[in-house]
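The values are calculated or read from the model by the stated rules, or taken from the named source; none is laboratory data. These numbers were taken from a predicted model, which means no experiment stands behind them. Note that we place each Cβ from the backbone using ideal geometry, even for glycine, and neighbour counts take in every protein chain shown. Just so you know, the surface numbers come from the protein's heavy atoms only, side chains and all, with ligands and any DNA or RNA stripped out. Shrake-Rupley method; radii C 1.70, N 1.55, O 1.52, S 1.80 Å.
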Amino acid sequence: MPRIRLHLPGGSGPDRSYDILVRPGVIGEIGPTLAGYGVRRTVVLVDAAVEATHGSAVLESLRGKNIDAFTIAVPSGEGSKTVDEAARIWESMAHRAVDRQTHVVAVGGGVVGDLAGFVAASFARGLPVWQVPTTLMAQVDSSIGGKTGVNLAAGKNLVGAFWQPLGVFTDIDTLVTLPDREFRSGLAEVVKYGMILDGELFSWLEGHAESILARNAGALTRVVERSAAIKAGVVEKDEREQNGLRAALNYGHTFAHAFETASGYGAMLHGEAVSIGMHCAARLAESLGRIGPDVVDRQRRLLEALRLPLAAPKSGSSPDSLIAIMLRDKKSVAGTLRFVLPSRIGRVDLVDGIDAAAVRHVLG
Ligand SMILES: NC(=O)c1ccc[n+]([C@@H]2O[C@H](COP(=O)([O-])OP(=O)(O)OC[C@H]3O[C@@H](n4cnc5c(N)ncnc54)[C@H](O)[C@@H]3O)[C@@H](O)[C@H]2O)c1
Ligand SMILES: [Zn+2]
């Protein structure tokens, strides 16, 4: 069975390595796996949209091994990634006398994964958490790597913690119920992995766009497995974004965050913003002479084949207001703009000190 091991040996601290299990039907292994860890009690935090389907499959697996499980449903959508929602969950966990022996199980997309991870990191100074990602975005990205958190009015993900899960159960079958637009949004991150680290994956995507869009199980397993392995590999080498490696994952994201902020959260899906952001970043790299037009073109054609957008709606914000947002981004360094830019397909560099005029040009 495909199994990806994320190695975090921890030096003098405890080993925090874990497995990412990618395959159809793997939800059924949650009960047996947790029982193997001696777990007796769980809190299942589940996205309300999948409570009756994938949530109940998780409960069935847990209860099949006599593991006590109580569910807290989280309303769907980014609006739930708040301190208020975390507080509601903390209170109901306290009410149920949750203690350090209780494990948290997160079932849903990145919203529930990030929120549940944060609740687990903070409640009783830290409970073990398991991730059960049910969106493509969560399967290829957010469930892996231990970044958890909530949004503030002042910005996304401003409060949070690094808190690694004990394991990730990635059940490809859960994607069957995912709306098309959400599915395609996740594909933007997959294209990103090809661009930053894996030219072979990129070429494979070019040849299989139709079977991916048709959600062919074999194609999906391959895409998710490869993406998860790439993300895990990056996290292993740079867990806390300290040596620049994890920063490569931000390819397209400086632009994307500006589009998302300018359009108001929720108007544009994250992956859609990333798709547009990668197109901007590639054009920026071309204008700086770092790549030729062929690279911009191949990326554009792949994004189009996957029915991802290349430009923000015309009614959107001015280039200057987008640049102002980028300068406020927590990833920008004192007044200059910093971007992850491709040097070929499968390779990117972190480039500092980029002139606002060059950025304005690709936004205009
Ligand atoms: N922690 C990280 O490293 C990391 C990385 C990337 C993104 N994120 C975060 O992830 C969030 C976005 O995650 P997302 O794109 O998964 O969004 P999401 O969690 O909001 O899920 C998208 C939509 O799909 C629904 N849904 C989930 N699973 C479904 C299923 N199987 N069938 C039908 N509907 C389903 C949800 O109810 C929601 O409406 C953002 O908050 C972002 O900041 C975190
Ligand atoms: Zn992203």
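For the reader, a short list of remarks on this structure follows.
- Within the stretch 278-295, being in contact (Cβ under 8 Å) with a residue 12 or more places away in the chain and in a loop (DSSP other than H, G, I, E, B) holds for L288, R290, I291.
- Top-ranked residue in the stretch 99-114 [being farther than 15 Å from L62 by Cβ and out of contact with any strand residue (DSSP E or B) (no Cβ under 6 Å at 6 or more places or on another chain); ranked as most open to solvent (accessible area, probe 1.4 Å)]: R100
- For the stretch 332-356, filtering for residues that are modelled with pLDDT under 90 and loosely packed, with under 15 Cβ neighbours inside 10 Å leaves 5.
- The stretch 144-167: number of residues that are open to solvent by less than 30 Å² (accessible area, probe 1.4 Å) and without any contact (Cβ under 8 Å) to a residue 60 or more places away in the chain: 1
- Filtering the stretch 133-151 to residues that are modelled with pLDDT of 95 or more and over 13 Å from the mean Cα position of the chain (by Cα) leaves only V150.
- Scanning the stretch 128-143 for residues that are open to solvent by 20 Å² or more (accessible area, probe 1.4 Å), over 19 Å from G79 (Cα atoms) and within 16 Å of ligand 2 (Cβ to nearest atom) returns a single hit, D141.
- Among helices (runs of 4 or more DSSP H) entirely within the stretch 195-269, having at least 3 residues that are touching a strand residue (DSSP E or B) at 6+ places or on another chain (Cβ under 7 Å), within 16 Å of ligand 2 (Cβ to nearest atom) and among the hydrophobic types (A, V, I, L, M, F, W, C) singles out 217-237.
- Residues in the stretch 111-142 that are free of Cβ contacts under 8 Å to residues at least 60 places away in the same chain, within 14 Å of ligand 1 (Cβ to nearest atom) and not polar (S, T, N, Q): G113, D114, G117, F118, A120, A121, V129, P133, A138.
- Pairing each residue of the stretch 296-312 that is under 15 Å from G207 (Cβ atoms) with any residue that is open to solvent by 40 Å² or more (accessible area, probe 1.4 Å), provided the two are 6+ apart or on different chains, yields C-beta distances under 6 Å for L302/E206.
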